[in-house]
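Here the structure comes first, spelled out in structure tokens, and everything after it is commentary.
Derivation of every value follows stated rules applied to the coordinates shown; laboratory data play no part. Since the model is a prediction, treat every value here as computed from it, not as a measurement. Every residue, glycine as well, gets a Cβ built from its backbone with ideal geometry; the counts of neighbours run over all protein chains shown.
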Amino acid sequence: MTIGGITTQKAKRTGRILAAATCLILMAGLLVPAALTAGEGEVTLTLRQVFTRIGSTEPPSETFNYRLTPAQANNPMPSGSNAGGYSFTVRGTNDANIGPIRFTNPGEYEYEISHTTASAPGYTYDQERYTLKILVERDLTASVLAYNAAGFKAAMQYAHAYNHDDGFRPSDPKLMTDPPIVKTVSGNPSKPSAFTFKLAAGKPTNPMPAGSANGVKSVQINGSGQTEFGTWSYTTEGTYYYTVSEVASGVSGYTYDTMTYTITDSVKAVNGQLVVTRVVTNNANKQVTALTFINKYSSSSGGGGSDGPKTGDDADVNLYAILFCAAGVAALGSVGYLVLAGRRRRKDSK
């Protein structure tokens, strides 16, 4: 019995050890959802793509574009990368293996994966953005963590769909009015600053241009200049709202434009084709054709960005000061002349 009892205890302990080991293996799988480590100092990332067709119409193309962007310019990158990052494509339900990325030094390296396919009629795109953190140990073994836009650990997976059988042909993004963002800086800053502008959907489910995440897309302009957010396609009738505003970055010396523009898209079917009527208005509900922002810069504002006195005002003040001084000198000369004349008259009378 004693021997049997020992054998039973050993079996229980063995079962617990196996259960713990299984749990650790599962946890390891969750912690490294996006990478296949090819060897010491090498990492190959895996991106999974899910594609669905809704209806019987075949899509004209089901190849989707992606980009791997390094957070630091000197991060190691896969072969074929350029200065802006590494671009690649995935078709249908295939997986993409990105790499290998070779590391020669320990450290923590950060990257971003984004979907970059331009909008096309009938397609619904997954616009998730993933942040990748690769930790390379001293022995050059590497581990990868992937986070979604909400900051949670997740496997890198994109789900796209195509639907051309809902009774209406989707709107054509090429026909959509894309008002430019026009940035003007008044004053004379010593160097241009970067200004950020945000397009926000009235509802997170609204269609958005490529490069958006959770109903928001941001773009930047250095100094004065122009840019655009891009266009997209609608697959359902309705009224859709968006807002455009500047993000106040708090750069010293600038007063930021607080204007908020509203984009209203009315989508209706015309002979089976969805057509977009777009109206863009400013804070005063006045219709505009461009998203204009003006930032004021003043080096003497102490960070507040006030305009300060104008050059013309300073010139007027200086002119008045000169005239006042001249009048004073003339007055003193007149007094001196009268005193001397009085003395001569008294002397002559004697």
**Approximate spin-label separation Arg102-Lys191, in nm, with each point projected 7 Å along Cα-to-Cβ** = 3.5 nm
**Message:** Quick query: amide H of Thr46 versus all other amide H atoms, modeled in the peptide plane; which residues come in under 5 Å with a sequence gap of 5 or more or a different chain?
**Reply:** Ala35, Leu36, Ile98
**Request:** List, in order, the whole-Hz ³J(HN,Hα) value for each residue of region 150-156 obtained from phi through the Karplus relation with A = 6.51, B = -1.76, C = 1.60 and θ = phi - 60°; use x for Gly and Pro.
**Result:** 7, x, 9, 5, 7, 6, 6
**Length added when fully stretched, Lys203-Leu175, from 0.36 nm per residue minus Cα-Cα** = 7.8 nm
**Request:** Output ³J(HN,Hα) for region 253-267: one whole-Hz value per residue in order, computed from phi by the Karplus curve 6.51 cos²θ - 1.76 cosθ + 1.60 with θ = phi - 60°, and x for Gly and Pro.
**Result:** x, 9, 9, 8, 6, 9, 5, 10, 9, 10, 9, 10, 9, 9, 10
**Item:** Simple spin-label estimate for Tyr241 and Asn271 in nanometres, 7 Å along Cα-Cβ
**Value:** 3.3 nm
**Asked** Calculated FRET efficiency, Glu110 and Met259, Cβ-Cβ r, R0 51 Å, to nearest 0.05?
**Response** 0.90
**Request:** When you have a sec, figure out the Kirkwood radius of region 173-297 from all distinct Cα pair distances and drop it here in Å to one decimal?
**Result:** 15.5 Å
**Message:** If you average the alpha carbon positions of region 189-234 and of region 243-267, how far apart do those two centres end up, in angstrom?
**Reply:** 10 Å
**Message:** On a full-extension model of 0.36 nm per residue, what is the gain between Arg278 and Ile294, subtracting their alpha-carbon distance, rounded to one decimal in nm?
**Reply:** 3.4 nm
